[in-house]
Amino acid sequence: MKKIIIAEDDKFLSSAYRLKLAKAGFDVQIVSDGQELLEILEKYIPDLILLDLVMPVVDGFTALKSIRLNPKFKPIPVIVASNLGQKEDIDKAKELGISDFVVKSDLSLDMLIEKINKLIS
Amino acid sequence: MKISNKISLNFIIVFTILLIITGGIVYYFTIAIFRGEIFNNLYYSGRNLTSHVKTYIEDQKKNGEILAGASIYRDFLNESISTGTESKVIKNKIDDRLERTLSTDSNITEVFIINKNGKVIASTDKQQVGKDRTSDPYFINGQKEVYLKDVYLSSITNKINFTISVPIKNEVTNNLLGISVIRYKLDTLNAIFKDFGESYKTKEAFLINKDFYFLTPSLFKGDSVILNEKVNTENSTRCFDPKEVDYVTKNGYSGLEKTIGVSQLIESKDYRGIDVIATHNYIPETDWCLITKIDRSEFLKEPNLIASIFIYVFLASLLILIIVSYLFSQKITKPIKNLSIGAKIIGDGNLDYKIKNDSKDEIGQLSQEFNKMTDSIKQSRLEIDFKVKEQTKEIVSKAKEIESKQKTLLNILKDVEKSKNDLEKFKMAVDNASDHIIITDPEGIILFANQAAQDITGFNKKDMIGKKVGDKHLWGGKMPVSFYQELWKTIKFDKKVFIGEINNHRKNGEKYIAMANISPVLDSKNNVVYFVGIERDITHEKEIDRMKTEFISLASHQLRTPLSAIRWFGEMLLEGDAGVLTKDQKEYITNISLSNSRMIDLVNSLLNISRIESGQIIINPKPTDLGALVKDVLSEIRNETKIKKQKIIIDIDTSLPKIDIDPKLIYEVYKNLLTNANKYTKVGGKISISLLKKDKEIISQISDNGFGIPNKDKVHIFERFFRADNISKLETEGTGLGLYLAKAIIESSAGKIWFKSRENVGTTFSFTLPLIGVKANKKGATLSS
């Protein structure tokens, strides 16, 4: 079973992720901020990380930078799912190294699952 | 002086000189010829007369000798000597003989005999017999030979005589018996000189004795001169010159002139004191001189006559010459005169005058050329007149123009005072403008700065003037070097206006953002004279703008999150993740999802608007087939058009090239326009779309026969959030942002967009895109879909 860590501070959205992705057959771990993400990565190496950008404590960009700086986590594919969508945000994320960038409001969960499957199956 | 007079004068002068020379020569030679002739005349007549005289004297001498030789003479003398008495018989015979002798010649005035003792023993003049003649020359000289006693005045007869005395000798002893003397009067001698003058009136010849006395009469003074008057002339002197006398005595006259170097033709004065030409002949036998002469005036009469004839001929010739030369010069100068008159007439302005001269000579040619010239002058005069008229018109119009300009100028001058005030006002306006205004020279050295420049930058105006803009010690120098290079290139070399934001810093170090508008001021030769820089401190606006953008961005994010949750849960419900839904439940959830989608669209649009308004549309051009793009859009909205049973007419030029545009953005434009056409056209309506190339553009047209746009709304149609009255009543959906976005995209892509519409008839939207495409810009933001 593929392991996915989802960093999402909105509890409704994380709930939706959990329901949909679990149903789709993924092992899903949810964290609500960057700090938590970095902590869980120390004991749990996922196949993919789904990362929000605007989060409390440690935001998505900071967390992503830390992940990319750590050789252990570097190979893990990251999909950024944010409601930010400006070019600067996209470029900044791409510079740090991500597999995909999706705007949540424009995304259906089915499309998300397709993208994930393409990356890790 | 007129040409004709000149010609005449020349003729006359030349002719006169020639005639004078010829006349002089002719006269000289004529005189020479006449002189020769008169000389011959005088000379030979002189010689003739001389020989006459000689012959006459010789004849008389012979007569005397014959008489003396008569035997009766000897007898008579012998008898008287021997007897001492005279026989009457012999005496009678002697007397008889003497009388006879006297009668033989009327010139003989007396014949007498003298005995050897000098006593007249017989004479035709009885009173003389017995007189003693011993002292008489004819007795003294007559004893030896025949003796001519010179002409003398006889004391006896008281007449002028000459005598010839002949000795009478004994035949045997030859002793002197006596002397026979014959006395002659001069009649015969004088007769020799008579009528000598021939046709000449003043020609005369006369004899003089060695005492220079006349022996024969003077033509002019008659007989009285004889032995009474002397001839003291050059002739008389020369004639008795001993040399000449000697020579002539010995040799006669031949060669006289050559031998003793004297001319016998003498021109001098005669005894009267009158000029004469004369010659002379010495007669040795009688010791006389024969002078022949003629008055010089008579000698010159003929040459002078010839000369006067010549002068008359000359004067006549001159007269003829004058007339001829006048006529000739008239003939020559007449054409010239005609030409001259013609030239004057033409010169006075009569260009129609033609000079008449058909001759083939130079003057004829000149006249013809002159006529030609007149023609061309006439022609060019006409042209000039025409041009002058034209130009006069022009000048008049120019003058009017100038007049009006002058009035304007006067008005301007009147306004000078006012203008001074205006200038002051202008200066005040510039100085008090809230924008920072500086003027620099072409090198960027600051010449002027207004109060606002000082206020905004914090630098004193005095600190600025003379420094270069962009100096680090002023407000500039905060931008990359490449930025300033680009700025200078634009304004100085491209000579265009630069507009852009510049980060500057004030004197106190505080940063600020300026919106700069820098314009080159060009002179008539397109050289930069000044730069005018106007900068506005937009730091505050930028901050507000940034905050607005941030707010919208954040707000959008915060809105999107719940919308995402609604979307996803809706999807899950509809997919039956929470169990199978009833028909009603499904319908309600669907409505929620659709409303949610509209909300998402609205949020996306708001986000785009905020980005467009901050000038941040990212254009990412790729070679794009617009036809394919249009078809993609049509397939996306196919459901909607099918639902409304609308007819779609596609007219796409298949030869259109791919152009460099941002496909995502242009897709949005087509989608907005086609969606509008679909929405605002009735069921069963018609939508057409055409793409065609025109010039350097591709024109896209989307037409419908829908509701149209009310006239009052047309001006607002591209405004954001605007929805026309007629459709907002019909259709509650719609953000009022579609056309606003379309216009922003097309204009960012170097195109234009416009429309035509009539309410309830239809609407056509058109936009252009350049064939060369659009350049990428890196800054800004992509649109949210």
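The values are calculated or read from the model by the stated rules, or taken from the named source; none is laboratory data. None of these values were measured; they are calculated from a predicted model. Cβ atoms come from the backbone with ideal geometry, glycine included; neighbour counts cover every protein chain shown.
For the range B:566-580, the criterion of being in contact with a Ser or Thr (Cβ under 7 Å, 6 or more places away or on another chain) and closer than 30 Å to residue B:451 by Cβ is met by no residue.
Residue check: residue A:8 meets all listed conditions (1) buried (at least 23 other Cβ atoms within 10 Å of the Cβ); (2) out of contact with any helix residue (DSSP H, G or I) (no Cβ under 6 Å at 6 or more places or on another chain) but one, namely (2). Put simply, of B:170, B:175 the only residue that is surrounded by fewer than 18 Cβ atoms within 10 Å (Cβ to Cβ) and touching a residue at least 40 places away in the same chain (Cβ under 8 Å) is B:170. For residue A:34, the criteria (1) more than 14 Å from chain B (Cβ to nearest Cβ); (2) out of contact with any Pro (no Cβ under 9 Å at 6 or more places or on another chain); (3) closer than 19 Å to residue B:561 by Cα hold in every case but one, which is (2). Within the range B:508-529, can one find any residue that is among the aromatic types (Phe, Trp, Tyr) and without any contact (Cβ under 8 Å) to a residue 40 or more places away in the chain? There is no residue in the range B:508-529 that is among the aromatic types (Phe, Trp, Tyr) and without any contact (Cβ under 8 Å) to a residue 40 or more places away in the chain.
The residues on offer are B:445, B:491, B:438, and the sole one that is in contact with a helix residue (DSSP H, G or I) (Cβ under 7 Å, 6 or more places away or on another chain), modelled with pLDDT of 85 or more and in the same structural domain as residue B:520 (by TED's automatic domain parsing) is B:438. The criterion of at least 2 residues that are surrounded by 19 or more Cβ atoms within 10 Å (Cβ to Cβ) is met, among strands (runs of 3 or more DSSP E) falling completely within the range B:635-736, by B:659-661, B:686-694, B:697-704.
Residues that are among the hydroxyl-bearing types (Ser, Thr, Tyr) and outside any loop (DSSP other than H, G, I, E, B) were ranked within the range B:205-246; the one that is surrounded by the most Cβ atoms within 10 Å (Cβ to Cβ) is B:236.
The number of residues in the range B:481-513 being over 27 Å from residue B:527 (Cα atoms) and of a type outside the set (Lys, Arg) comes to 8.
So that you can scan it fast, the table gives a plain yes or no per residue for (1) within 14 Å of chain A (Cβ to nearest Cβ); (2) surrounded by 13 or more Cβ atoms within 10 Å (Cβ to Cβ); (3) within 30 Å of residue A:53 (Cβ to Cβ):
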{"position": "B:488", "(1), (2), (3)": "no, yes, no"}
{"position": "B:493", "(1), (2), (3)": "no, no, no"}
{"position": "B:500", "(1), (2), (3)": "no, yes, no"}
{"position": "B:512", "(1), (2), (3)": "no, yes, no"}
{"position": "B:532", "(1), (2), (3)": "no, yes, no"}
{"position": "B:539", "(1), (2), (3)": "no, yes, yes"}
{"position": "B:543", "(1), (2), (3)": "no, no, yes"}
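Within the option set B:356, B:337, being outside any helix (DSSP H, G or I), more than 30 Å from residue B:33 (Cβ to Cβ) and of a type in the set (D, E, K, R) holds for one residue only, B:356.
Checking each residue in the range A:1-52 for being over 20 Å from residue B:577 (Cα atoms) and of a type in the set (Asp, Glu) picks out A:8, A:9, A:10, A:33, A:36, A:39, A:42, A:47, A:52. Within the set B:595, B:524, B:610, the sole residue that is more than 9 Å from every other protein chain (Cβ to nearest Cβ), of a type in the set (S, T, N, Q), part of a loop (DSSP other than H, G, I, E, B) and on the phi < 0 side of the Ramachandran plot turns out to be B:524. Does residue A:101 qualify as being more than 9 Å from chain B (Cβ to nearest Cβ) and at pLDDT 90 or above? In short, yes. Within the range B:435-477, the only residue that satisfies the criterion of being in contact (Cβ under 8 Å) with a residue 60 or more places away in the chain, of a type outside the set (D, E, K, R) and loosely packed, with under 14 Cβ neighbours inside 10 Å is B:447. Restricting attention to the range B:558-592, the residues that are farther than 26 Å from residue A:54 by Cα, within 13 Å of another protein chain (Cβ to nearest Cβ) and part of a helix (DSSP H, G or I) total 2. Restricting attention to the range B:111-136, which residues are part of a strand (DSSP E or B) and surrounded by fewer than 16 Cβ atoms within 10 Å (Cβ to Cβ)? Selection gives B:132 alone. On the stretch given as the range B:613-627, residues that are at pLDDT 80 or above and either within 13 Å of chain A (Cβ to nearest Cβ) or surrounded by fewer than 19 Cβ atoms within 10 Å (Cβ to Cβ) (or both) total 5. When the range B:350-381 is filtered for residues that are small (Gly, Ala, Ser) and surrounded by 13 or more Cβ atoms within 10 Å (Cβ to Cβ), the ones remaining, listed by number, are B:364, B:367.
Among the residues here, residue B:491 qualifies as under 60 Å from the mean Cα position of the chain (by Cα) and in contact (Cβ under 8 Å) with a residue 12 or more places away in the chain. When you look at residue B:184, is it buried (at least 20 other Cβ atoms within 10 Å of the Cβ), in contact with a strand residue (DSSP E or B) (Cβ under 9 Å, 6 or more places away or on another chain) and not in a strand (DSSP E or B), yes or no? No, not satisfied. Of all residues in the range B:585-602, those that are closer than 20 Å to residue A:83 by Cβ have Cβ atoms under 6 Å from Cβ atoms of residues that are of a type in the set (Lys, Arg), 6 or more apart or on another chain, in B:596/B:567. The residue that is nearest to residue A:80 (Cα to Cα), counting only those in the range A:10-30 that are in a loop (DSSP other than H, G, I, E, B) and more than 9 Å from chain B (Cβ to nearest Cβ), is A:26. Tell me yes or no: at least one residue of the range B:541-548 is assigned to a helix (DSSP H, G or I), over 30 Å from residue A:18 (Cβ atoms) and touching a residue at least 60 places away in the same chain (Cβ under 8 Å). Among the residues of the range B:541-548, at least one is assigned to a helix (DSSP H, G or I), over 30 Å from residue A:18 (Cβ atoms) and touching a residue at least 60 places away in the same chain (Cβ under 8 Å), which makes the answer yes. Taking the range A:73-87, which residues are charged (D, E, K, R) and either under 14 Å from residue A:54 (Cα atoms) or more than 13 Å from every other protein chain (Cβ to nearest Cβ) (or both)? Across the range A:73-87, the qualifying residue is only A:74.
Taken across the range A:111-118, residues that are under 12 Å from the mean Cα position of the chain (by Cα), within 14 Å of chain B (Cβ to nearest Cβ) and modelled with pLDDT of 90 or more do occur, with at least one present.
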